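Student: Please read through the structure below; I'll follow up with questions.
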Amino acid sequence: MGRKSIEKERKVLSAKQKKWLGNTMPFFYKNGIQGPTMNDIAEYLNLSKATIYNYYESKEDLVHDALWLKLKELEKFKDILNDESLDFVERYTEAVKFASKCLEGLSEIYFDDLRTYYPRSWESVKYYKEKSAENLKAYYKKGIEKGVLRSFNTELMASYDLKFFNLLVDPEFLSSNNVRIETAFNEYFNMKFNGLLTERDLSVVTSFQKN
């Protein structure tokens, strides 16, 4: 599936479907995707296999929709960064806290199976990483214009962010550093936070670090 198709991809999922697709993700985080059968998935969800096959002809389609739902949830990261009702600095801290929470549980085995056996879904991950880096670049530019962030090369900073996102979904990186994806995400952006601000609001930073 090309990048253009991914961007235009729209799905209409029922409330029940969203619920059990969401419940499927922790199962995949723990057990991987390739090993479990449709029978295993149905048993875990307390559904009949026939019910699942009413919606999906293959496990690949189910995996893709479960991932799509997670990526749609993560799109709120952009919404928070652009939320004019929040203080500009608070947008950043709240967006990072949201994303860190949303990424909880994602595992090396899940990413390894996704990358190895599910190229269509992996292409979606690659696309959303790139869009997230673009969203951060837009935020940086606004911050510099507002005088909240010190002047720096936003293109370069966004490229660093993209490289970091690539590391986040690299099973070898997570395993060799013995770090969970949500912890790595939180610490990376927390570490950057002070250096980007022109005036360091220590109360905001302290609150951010505690939460």
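Student: Look through segment 11-34, keep the residues that are in a loop (DSSP other than H, G, I, E, B) and touching a residue at least 24 places away in the same chain (Cβ under 8 Å), and return whichever of them is surrounded by the most Cβ atoms within 10 Å (Cβ to Cβ).
Tutor: Filtering segment 11-34 for residues that are in a loop (DSSP other than H, G, I, E, B) and touching a residue at least 24 places away in the same chain (Cβ under 8 Å), the one surrounded by the most Cβ atoms within 10 Å (Cβ to Cβ) comes out as 33.
Student: Please verify whether segment 145-157 includes one or more residues that are more than 22 Å from residue 87 (Cβ to Cβ), among the hydrophobic types (A, V, I, L, M, F, W, C), modelled with pLDDT of 90 or more and buried (at least 19 other Cβ atoms within 10 Å of the Cβ).
Tutor: Scanning segment 145-157 turns up no residue that is more than 22 Å from residue 87 (Cβ to Cβ), among the hydrophobic types (A, V, I, L, M, F, W, C), modelled with pLDDT of 90 or more and buried (at least 19 other Cβ atoms within 10 Å of the Cβ).
Student: Output the residues belonging to segment 1-31 that are at pLDDT 90 or above, out of contact with any Ser or Thr (no Cβ under 8 Å at 6 or more places or on another chain) and over 15 Å from residue 72 (Cα atoms).
Tutor: 20, 23, 24, 26, 27, 28, 31
Student: Okay, moving on. Going through 114, 156, 74 one at a time, which residue ends up being among the aliphatic types (A, V, I, L, M) and closer than 17 Å to residue 192 by Cβ?
Tutor: 156
Student: If you go through segment 160-178 one residue at a time, how many are surrounded by 15 or more Cβ atoms within 10 Å (Cβ to Cβ), without any contact (Cβ under 8 Å) to a residue 24 or more places away in the chain and not in a helix (DSSP H, G or I)?
Tutor: Looking only at that region, the number is 0.
Student: Could you tell me whether residue 82 is in the same structural domain as residue 20 (by TED's automatic domain parsing) and either within 17 Å of residue 135 (Cα to Cα) or modelled with pLDDT of 90 or more (or both)?
Tutor: On the way: in the same structural domain as residue 20 (by TED's automatic domain parsing): no; either within 17 Å of residue 135 (Cα to Cα) or modelled with pLDDT of 90 or more (or both): yes.
Here the answer is no, as residue 82 does not meet what is asked.
Student: Something else now. Sort out which residues of segment 95-144 are of a type in the set (Ser, Thr, Tyr) and buried (at least 18 other Cβ atoms within 10 Å of the Cβ), and write them in order of number.
Tutor: Scanning segment 95-144 gives 100, 107, 110, 118, 121, 124, 127, 128, 132, 139, 140.
Yes/no per residue for (1) within 19 Å of residue 121 (Cβ to Cβ); (2) touching a Lys or Arg at 6+ places or on another chain (Cβ under 6 Å):
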position: 52; (1), (2): yes, no
position: 60; (1), (2): yes, no
position: 63; (1), (2): yes, no
position: 66; (1), (2): yes, no
position: 72; (1), (2): yes, no
position: 76; (1), (2): no, no
position: 81; (1), (2): no, yes
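Student: Moving on to the next point. Name every residue in segment 76-95 that is under 26 Å from residue 13 (Cα atoms) and without any contact (Cβ under 8 Å) to a residue 40 or more places away in the chain, in order of residue number.
Tutor: 76, 79, 80, 95
The values are calculated or read from the model by the stated rules, or taken from the named source; none is laboratory data. Since we're looking at a predicted model, the values are computed, not measured. Reconstructed Cβ throughout: ideal geometry from the backbone, glycine too, with neighbour counts over all protein chains shown.
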